[in-house]
Every structure is written in structure tokens, then in C-alpha cells.
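Colleague: Let me give you the structure first, and then I'll get to my questions.
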Amino acid sequence: MRVKQWLAGCLSAAVVLGCLPFAGAADDTAQARQEDLTYLVQTLTGNHPDFYANTTEQEVEDKTAEIETGLEDMSDFDFAIELSELAALAGDSHTMISVGNAMQDYHLIIMAPDWYEGRWVLSGAEKAYQDCIGQEIVSINGHSMDELMQALEPMIPYDNEVRLRRQFGGMVYVTEILQHYGMVTGREERLPVVVRAADGAETTLDMKVYSASEYAALDPGAYINASRLRAAAPVTEPDRGVCYKLLDLGGGTLYMQYNSCREDPNHPMDEFAAEVKAKLESGDYTKFIIDLRNNGGGSDGVLYPVTYLAQQFIANGNAAYVLAGEGTFSSALINTVQLKDVGATFVGMPTGGSVDHFGAVTAFELPNSGIRGQYSNKFIDLGSYYEAAGPYGVESFRPDIQVEQTFADYMDGVDTAVQYILDSAPVHPALTKPAAVSSARMVVDGTPVAAAAYEIEDSNYFKLRDLAVAFTGTNAAFNVTWDSAAQTVTLTGGVYEPAGGELEPLTGGTQTATRATADVYVDDMPLVGKAYEVGGNHYFKLRDLCFMLGVSVEWDGAAQTIVIDTSKPYIQ
């Protein structure tokens, strides 16, 4: 990866979208800015599901008043930053304002910072500083990286520290941003950057400040970065040209790289999932790795067929892993939780996305400046739906096994996390669990139902045929068929045909529940979610089924009752 490409990618991540410059007299500009400011406040507070979740009305009023005092005097770029600070009050990584093209004539130093092993590392710079690649960045213009991040924090939309750090790394080299926060005067032609070698020796790099046009005109040979100096690139190097791909890593390990939560029109997910299924069922693999470390999101449903295959792979006694880290965000974070929930082992680092978070964004544009932004439309409470997310709130998802990419491995062409999995014994989740008869009651569309359940890992699991009886006559009625030869259960909408034994009381005492290996489909869609076999019958988590049927399910703790309303959607 070239430094210029790296810087451009980070800059676009930091200032996403774009804006148009103002024009006209000072009075006209101030009025236009006032209109934009008013529009922004009304848009965010009126449309965000809870803009005041992490701030107060007084803080928003104070920030608005502060911006209004400088409408005539501030630059377009400063105005954009002030608006970004207002939006960032939401404490929501998805709600933001872009500074975009307000930086049409920005300036920067050629310094690509990367986070390795708890420190900022110089991974790119001008060719003259090649010998310093890999050294720790100590300070810029006399300010430590911690001081700089604290200074820039107000303009950064984030809901956890990992996201804050990642966003900061994509903007700290832009001098207009540093100038806005008083870290530089803006008149400097060169800036001192201090780096520290492994032996503790410090060097001051006298870095030139380039204008955007000067930077664009540079010959590629004028700068260097770690990717051009390393011995090799691993086969798992992120491939930005594809959404997903498969690799055989040898030793019985199948690897899937998933870089964007979207479907490749030239390689539909159904076709790709069929390829994955064929390989996993070939008997050639005992480990399956799904890599989401460089996935910034999209639509979490795209991965659903592969998540199901991982679930069945695990149920059949194999090991599945999900790789995630600071680049795992939004829908990719949801996929990470889903994979962990069905039994995959999470290897890597804490995620850039928070487990519970605001999301599902709508974009907007301010009427005069053209500055663009976006706001969230709902709060996604994953802890209410997935056991794996239960211990978490608005915070990074933490790995089962923390493995950080080391700089030394990077330079040697080794993917540290993947190598760890290849070198380690397979991690197998327990496939048997104790099952006790649940005391929970069920009401479907206001009618009590005598469907008994087992409590397994603090969740209620029901027999599918009992649920089919419970849903009879509702908007979500379904039939159940069993293909013993194919070991497949199929649910289809319509009238249930009893097979006998429905709604029988469950045997008391603790039973042994074993992960079921039968395939389960709702029409032609696989049912993602752990299933267990107890006494020859299959039991499924009610939430998983309600999700597939699209009906509401809630828990009334006071009445110890599960409440299902088939007239309402399952909202996630």
C-alpha cells in the first residue's frame, strides 16, 4: 500500500462525505450559516432516536450559542469543525457531520500513524525518513499523541475508545485540524515529529508541510511505507477488490475473508455460500476462519447463510473462528456477535464498533453550505437478542483470545492472529449442556399456551411442534415436516398437521441437551441459532424462530411470561 493511498483512505474516513464552500458577502454568509446551524440542530434532535442519550439539552444549547458568536468571522473549515463537534455530542459513532471539501486547500505532513502493541508507530513518511519506519511516534510539534487525541476528541463521533483512536489516526496529520485546536499556528512550513527507536533513542524529524496540490504532485518515490519495506505479504492480506473470498490455508483450515457487508453482484452470496458448504462438508477441514477485521459494515443479513454453515460445522464437532478488531464496525460487529453466539471462537482485538449502538443511518445535506452528514434511526440492543452480547452494553466486543498483530510479524509477512489459529489446537465449544424444565409461561396473541420449555444457558428452548401448535390460527401459523433421510426439518407457512405428542409435559429433573446437527429451514432460509436435542426431540430458542417468522416476542419479568404478538414485527 502506498503512503498516498493510505493517507487518502484515512482522510476520507475521518471527514467522510463532503461539503461545498460558502460564497458571498459576510452578512450573507452569517445568515446562511445561521440557517444551516438551525437546520442541523432541528435535524439531529428531531430525527435521532435519542440525541440526548449522552448529552443534555443545555450542552446542545451552549454549543449552538458558541457557534453563533463566530458565524461572521470563522472560516468555512472552522465552521464545519464546529458543526462536527455539535453532532459528536450524540456520542454515537454513526451520527456525524463531514468537514469534507471545506478542506479544499488543506495542508498536511506525510506521516502515516498505525497502532501496534499499545503505541503509535510511524508506518509511512517521506523517503528521507525511511530508517524511522516502525519507530514509535512520540510527539508532533511538541505535543504527545495522547495530548493531540484529547484535543481533537470533540470533533470525533465515537462511542468507545477503540473507535476514537481509529478516527484520530485518520486526521492527526492534517495541519488545519491541528491549527483549529491550537496545536500548531498554521504558519509553519515544517513541523517537528519526534520518534523513538526500540533502544529508546529519540530522533526529531523535520517534516515539511505540504499543500494539497503539492502533495498530489509528488512522485510516488518521494515517500515510503512499511508495506513496501516488508519481506512479504501474507495470503490473508486484505483484498479491497472483493467483498468475500475463500482460501485453503492448509492443515485442514478453510479461511473466508469478508471485507464488506454487501453482496457481490458478480458473485452472489447464495453461490458463494454453496461453495463454502461444499468445502465444509468435504471432510477436508476441521477449522473454519471468518475474517471481519477490515469490514466497516453494510447489511448484516448478507452473511446469514455462512453464519448458518459455521453453526452446523461447530455442531458437527469442528472449530469455527471469527477474526475481528478495531476495523470491525457497524453490521460487521453484529455479524461478529452472531458468530460468537452460535459457538465460534472470537480471536483478535476489541472491536471498533460497540455491541449495543445507535445505527441504521439517514444522510442529509445542509441547505446553504451543502455540508453533508448522517444520523442514526434506531438503537440496536444486541444484548436483548444474543447470549454472546448479554454481558455488554455500549462498548467494544472483546475477544475470547486476544491476539494483536505485531509490527515485527507484519514486516515478516506473518498474519499474527491467523498464525495463532493455525499453530493452536482447535477450540471446541461444549456441545452438551444441562437442561432444566423452565417455569416460564407463554401467551400468543393474548391466549395462554401450554407449551413447555427447557431452560438451557439461561434461555428458553421449545419443541418446534409445540410452537407450531401455539401459533395455529395466527398470522404466523406454520407446518413442520421432517426428512429423516436428509436429516432436515422444514417449516412452511400454513396449517399445522399434528404428528402426535404435541404439548406433552416435560420430564422433570436435569436432562442432557446435545447440540443438534439436523438442518432446519424456514421455507428456503436456514434457521440461524443453536438447536439442541433432548430425549429425541429438537428444541429451539424462541427468539431465533420469532426472528425468522418476523413476529414480536417480549419477556414480562414480573409475570414470568413470554409474550408473543404476531400482529407486530420482530424489531432488531
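Colleague: For the pair residue 423 and residue 521, what calculated FRET efficiency results from E = 1/(1 + (r/R0)^6), where r is the Cβ-Cβ distance and R0 = 30 Å, to the nearest 0.05?
Modeller: On the way: r = 37 Å, r/R0 = 1.23.
Rounded to the nearest 0.05, the efficiency is 0.20.
Colleague: Continuing with the same structure: Taking the 0 to 90 degree range and rounding to the nearest ten, how far is the long axis of helix 3-15 tilted relative to the main principal axis of the chain, both from C-alpha atoms?
Modeller: Its long axis makes an angle of about 70 degrees.
Colleague: About its Cα centre, what dipole magnitude does the range 272-320 give when the only charges are +1 on Lys and Arg Cβ and -1 on Asp and Glu Cβ, stated in debye to the nearest 20? Walk me through the numbers before you get to the answer.
Modeller: Working: 4 positive and 5 negative charges, 16 e Å.
That gives a dipole near 80 debye.
Colleague: Treat every Asp and Glu Cβ in the range 442-546 as -1 and every Lys and Arg Cβ as +1, leave all other atoms uncharged, and give the resulting dipole magnitude about the Cα centre to the nearest 20 debye.
Modeller: Working: 6 positive and 14 negative charges, 28 e Å.
Once rounded to the nearest 20, the dipole reads 140 debye.
Colleague: In whole angstrom, note down how far apart the Cα centers of the range 445-463 and the range 130-170 are.
Modeller: If we compute the Cα centre of each part, the gap is 50 Å.
Colleague: Which percent, nearest 5, of DSSP beta bridges in the chain are antiparallel?
Modeller: Numbers: 79 of 104 bridges.
Of those bridges, close to 75 percent are antiparallel.
Colleague: Sticking with this one: Report, in degrees rounded to the nearest 10, the 0 to 90 angle that the Cα long axis of helix 304-315 makes with the longest principal axis of the chain.
Modeller: The angle comes out at about 60 degrees.
Colleague: Here is a follow-up. Give or take rounding to whole Å, what are the principal axis extents of the alpha carbon atoms in the range 240-349, in descending order?
Modeller: So the extents along the principal axes, rounded to whole Å, are 32, 31, 22.
Colleague: Give the angle, between 0 and 90 degrees and rounded to the nearest 10, that separates the Cα long axis of helix 57-68 from the longest principal axis of the Cα atoms of the chain.
Modeller: 30
Colleague: Now for a separate question. With a 1.4 Å probe and every protein chain kept in, tell me what percent of the accessible surface of the chain is carbon plus sulfur. Numbers along the way, then the final one.
Modeller: Working: 11270 of 23700 Å².
Heavy-atom surface of the chain belonging to carbon and sulfur, 1.4 Å probe: 48 percent.
Colleague: Sort 435-445, 236-246 by the packing proxy (mean of other Cβ within 10 Å over each peptide's residues), most packed first.
Modeller: Descending packing order for the listed peptides: 435-445, 236-246.
Colleague: If you don't mind, another one. Residue 408 to residue 360: extension gain in nm, 0.36 nm per residue of separation minus the Cα-Cα distance? Walk me through the numbers before you get to the answer.
Modeller: Numbers: separation 48, 0.36 × 48 = 17.28 nm, distance 3.84 nm.
Net length gain for the segment: 13.4 nm.
Colleague: Which whole-angstrom value gives the distance between the alpha carbon centres of the range 358-404 and the range 515-536?
Modeller: 30
Colleague: I need to check one value: relative contact order of the chain, counting alpha carbon pairs closer than 8 Å and at least 6 residues apart, in percent.
Modeller: Working: 1155 pairs, mean separation 69.9, N = 572.
Value for the chain: 12 percent.
Colleague: Can you give the convex hull volume per residue for the Cα atoms of the chain, as a whole number of Å³? Write out the running numbers ahead of the final one.
Modeller: Values: hull volume 99.4 nm³, N = 572.
With only Cα atoms used, the chain gives 174 Å³ per residue.
Colleague: Same structure, new question: Subtract the Cα-Cα distance of residue 475 and residue 39 from 0.36 nm times their separation in residues, and report this length gain in nm to one decimal. It would help to have the intermediate numbers written out before the result.
Modeller: On the way: separation 436, 0.36 × 436 = 156.96 nm, distance 4.24 nm.
Full extension of this stretch gives 152.7 nm more.
Colleague: Considering Cα pairs under 8 angstrom that are at least six residues apart, work out the relative contact order of the range 483-554 and quote it in whole percent. All intermediate terms of the calculation are to be shown ahead of the outcome.
Modeller: On the way: 64 pairs, mean separation 19.3, N = 72.
Computed value for the range 483-554: 27 percent relative contact order.
Colleague: Where Lys and Arg each count +1 and Asp and Glu each count -1, what net charge lies around residue 505 among other residues with Cβ under 14 Å from its Cβ? Each step should come with its number before you reach the end.
Modeller: On the way: positive: 441, 463; negative: 466, 502, 504.
Residues near residue 505 contribute -1 overall.
Colleague: May I ask what percent, to the nearest 5, of DSSP beta bridges between residues of the range 135-208 are antiparallel?
Modeller: Details: 13 of 13 bridges.
So the antiparallel bridges amount to about 100 percent of the total.
Colleague: Also, I was wondering about something else. With every protein chain present, what accessible area does residue 555 have (1.4 Å probe, heavy atoms only), rounded to the nearest 10 Å²?
Modeller: In the full protein context, residue 555 sits at about 120 Å².
Colleague: Now for a separate question. Using all Cα-Cα distances in the range 25-183, what percent lands in each 5 angstrom bin from 0 up to the longest?
Modeller: So the P(r) values, bin by bin, are 1, 8, 16, 19, 18, 15, 9, 7, 4, 2, 0.
Colleague: Now, a different point. In a shell of Cβ-Cβ distance under 11 Å around residue 159, excluding residue 159 itself, what net charge do Lys and Arg (+1) and Asp and Glu (-1) give?
Modeller: On the way: positive: 163; negative: 92, 161, 356, 395.
Summing Lys and Arg as +1 and Asp and Glu as -1 gives -3.
Colleague: Note down the nm distance, to one decimal, between modelled labels 7 Å out along Cα→Cβ at residue 75 and at residue 266.
Modeller: 4.1
Colleague: Along the charge dipole of the chain, pointing to its positive end and built from +1/-1 on Cβ of Lys, Arg, Asp and Glu, which listed residue (143, 168, 528) has its Cα farthest out?
Modeller: 528
Colleague: All other residues with a Cβ under 14 Å from the Cβ of residue 360 taken together, and with Lys, Arg as +1 and Asp, Glu as -1, what is their net charge?
Modeller: Details: positive: 378; negative: 50, 92, 300, 356, 381.
Charge balance near residue 360 sits at -4.
Colleague: Select from 347, 246, 396 the residue farthest towards the positive end of the dipole of the chain; place +1 on Cβ of Lys and Arg, -1 on Cβ of Asp and Glu, and compute about the Cα centre.
Modeller: 246
Colleague: Given labels modelled 7 Å from the Cα in the Cβ direction, how far is it in nm from residue 242 to residue 130?
Modeller: 3.3
Colleague: Another question, if that's okay. Shape verdict for the range 292-417, please, from the Cα gyration tensor: rounded (a/c under 1.5), prolate (a/b greater than b/c) or oblate.
Modeller: Taking the square roots of the gyration eigenvalues as a ≥ b ≥ c, the range 292-417 is oblate.
Colleague: What accessible area per residue, rounded to a whole number of Å², is obtained for the range 101-204 using a probe radius of 1.4 Å? All intermediate terms of the calculation are to be shown ahead of the outcome.
Modeller: Numbers: 4340 Å² over 104 residues.
Per-residue accessible area for the range 101-204 comes out at 42 Å².
The values are calculated or read from the model by the stated rules, or taken from the named source; none is laboratory data. Computed from a predicted structure; not experimentally measured. Backbone-built Cβ (ideal geometry, glycine too); neighbour counts: all protein chains shown. What goes into the accessible areas is simple: the full protein's heavy atoms, side chains included, and nothing from ligands, DNA or RNA. Shrake-Rupley method; radii C 1.70, N 1.55, O 1.52, S 1.80 Å.
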